[in-house]
1. So, of the residues in the stretch 317-341 that are under 18 Å from the mean Cα position of the chain (by Cα) and under 14 Å from Arg233 (Cα atoms), which turns out to be surrounded by the fewest Cβ atoms within 10 Å (Cβ to Cβ)?
2. Cβ-Cβ distance below 6 Å, separation of 6 or more or different chains: which pairs start in the stretch 89-102 with a residue that is within 14 Å of Tyr66 (Cα to Cα) and end on one that is at pLDDT below 70 and not basic (Lys, Arg)?
3. If you scan the stretch 259-284, which residues turn out to be among the small types (Gly, Ala, Ser) and surrounded by 14 or more Cβ atoms within 10 Å (Cβ to Cβ)?
4. Quick one: how many residues across the stretch 245-284 are among the aliphatic types (A, V, I, L, M) and under 29 Å from the mean Cα position of the chain (by Cα)?
5. Give me a count of the residues in the stretch 246-258 that are buried (at least 19 other Cβ atoms within 10 Å of the Cβ) and part of a strand (DSSP E or B).
6. Go over the candidates Gln171, Gln195 one by one and state the one that is under 15 Å from Gly306 (Cβ atoms), within 30 Å of the chain's Cα centre (by Cα) and surrounded by 15 or more Cβ atoms within 10 Å (Cβ to Cβ).
7. Just a yes or no: is a residue in the stretch 229-244 assigned by TED's automatic domain parsing to the domain that holds Leu269, farther than 17 Å from Leu269 by Cβ and touching a helix residue (DSSP H, G or I) at 6+ places or on another chain (Cβ under 7 Å)?
8. Out of (1) modelled with pLDDT of 95 or more; (2) farther than 30 Å from Gln121 by Cα, the odd one out for Lys340 is which?
Amino acid sequence: MNKRVFLAFLKDQIPYTLAFFSSAAFIALFYWLETNQQISIIYPFLLVSFFYVLFLIFKGIRYVRYFQIIENFDEGKSDPLLKNSNFNEIELKAINSMKALEVQSQKKLHKLELENETKHQVISQMIHNVKTPTAVIDLLVQNSKVQANDLEETIDKISKENSSINENLNQILNYLRLDFFENDFLIEEVEIIEQIRELINGKKEMFIYNQVFPKLVTEVDKLHVITDKKWNRIILDQLVTNAIKYTALKEGEKKVFFQVVQKNDRVQLIIEDTGIGITATDIKRVFEPFFTGENGRKIRNATGIGLHISKTIADQLHHNMSIKSTVNEGTKVTITYLTKV
C-alpha cells in the first residue's frame, strides 16, 4: 500500500474510528460508574482496540484491491482481481457500473476516431478535386493567349470548371456543418413545390449547359411538409446535381422529372432522371462515403460524398430516402416527408 493510498484509507476511516472509540469509551465509563469504580476498563478497551485494528487491516486489504481495480479502469486495463474478489453487492454493482462506463467510453472514443479519420479523408479528397479544375483553368488561360480566336469557347470551359470548384467547396462546407446539425436546424412547415421550383430556377444554367430538361409533375399548386428548409434544400440540391450530371452522359432523351404525391399524412417527392443509371452491385453502396462505383470512372470529379451527405441529413430530419436504378434507363430517388407533427 503506497503512501497516497494509505493516507486516503486513514482519512476515510476517521469518522468510523471516532464513532467506534467514542461509543466504547461511553460504555466503559457507564459500567465503571455503575460498579462504583470497582471494575477495570483498561483490559476490555485494549481488547476491543485489538479487534478493531484487525478489522481495519482486513478492510484496508479490500480498500487496496478496490483502489487497484479503479486505477486499472482509468488505464483501460482488465483486472484479474475482479474475478477473485469478495466484494459486497454494492461494491460489485459500483465496479460493474464503472466497467460498463469504460466500455461505453471506449466505443465513443473509437467512433470519434473513425469520424475524424473519415473527415480527414473527405477534406483531402475534396481539396484534390478542387485542385484539378484550377489546373485546367490555368491550362485554358495559357492556351487562350496563343489561340485568341477560341476565346468564347475558353470562357465556357472556364465557367464549367468554376462550377465544379463551387460544387466541391459547397460539399466541403455542408460536410463540416453536419457536426453542428443539432444546433442549427429548425423544423417547420415548408412549401415543398415552391422550393422545388426555386431549385430548378437556380440550376437553370446547369440544365441548359448539359441540355437536360426538368419537368415538375404535381396535381396541386401548394403542399406543405415538415422539414428544415435550409437542410432540405441541401439534400435536393445534391440529388438534382447528380441527376443532371449522369443524365448528360447518356445519348437520347435527357430529362429530370419531379413528382410530388400526397399519401394520407405523408408526401413523397420523387426525383427521376433518364440517365445512365446505377448497377445492381453499386446501388447497395451509394450512400457510403467515398463510394463512386462504375459511374465514378465516367465523371472526372466524382467524390462519392454527395449522396452520403444527403442521406445523413435526411436521417437526421427523419425523412425516409430510398433509391432505385436501372442501367441505361435512369435513377429514381424518393424522399418521404410528414405533413404534420
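1. So the residue we want is Leu317.
2. Met98/Phe73
3. So in the stretch 259-284, the residues among the small types (Gly, Ala, Ser) come out as 275, 277, 280.
Result: Gly275, Gly277.
4. Filtering the stretch 245-284 for residues among the aliphatic types (A, V, I, L, M) gives 248-249, 256, 260-261, 267, 269-271, 276, 278, 280, 283.
Right, trim to under 29 Å from the mean Cα position of the chain (by Cα) and you get 267, 269-271, 278, 280, 283.
Qualifying residue count for the region: 7.
5. Counting residues in the stretch 246-258 that are buried (at least 19 other Cβ atoms within 10 Å of the Cβ) and part of a strand (DSSP E or B) gives 2.
6. On the way: Gln195 fails: under 15 Å from Gly306 (Cβ atoms).
From the options Gln171, Gln195, the qualifying one is Gln171.
7. Kept after step one, since they are assigned by TED's automatic domain parsing to the domain that holds Leu269, are these residues of the stretch 229-244: 229-244.
Within this subset, residues satisfying the condition of being farther than 17 Å from Leu269 by Cβ are none.
Checked the stretch 229-244: no residue is assigned by TED's automatic domain parsing to the domain that holds Leu269, farther than 17 Å from Leu269 by Cβ and touching a helix residue (DSSP H, G or I) at 6+ places or on another chain (Cβ under 7 Å).
8. Just one mismatch for Lys340, condition (1).
The values are calculated or read from the model by the stated rules, or taken from the named source; none is laboratory data. Keep in mind the model is a prediction, meaning the values are calculated, not measured. With ideal geometry, Cβ positions are generated from the backbone for all residues, glycine too; neighbour counts draw on all protein chains shown.
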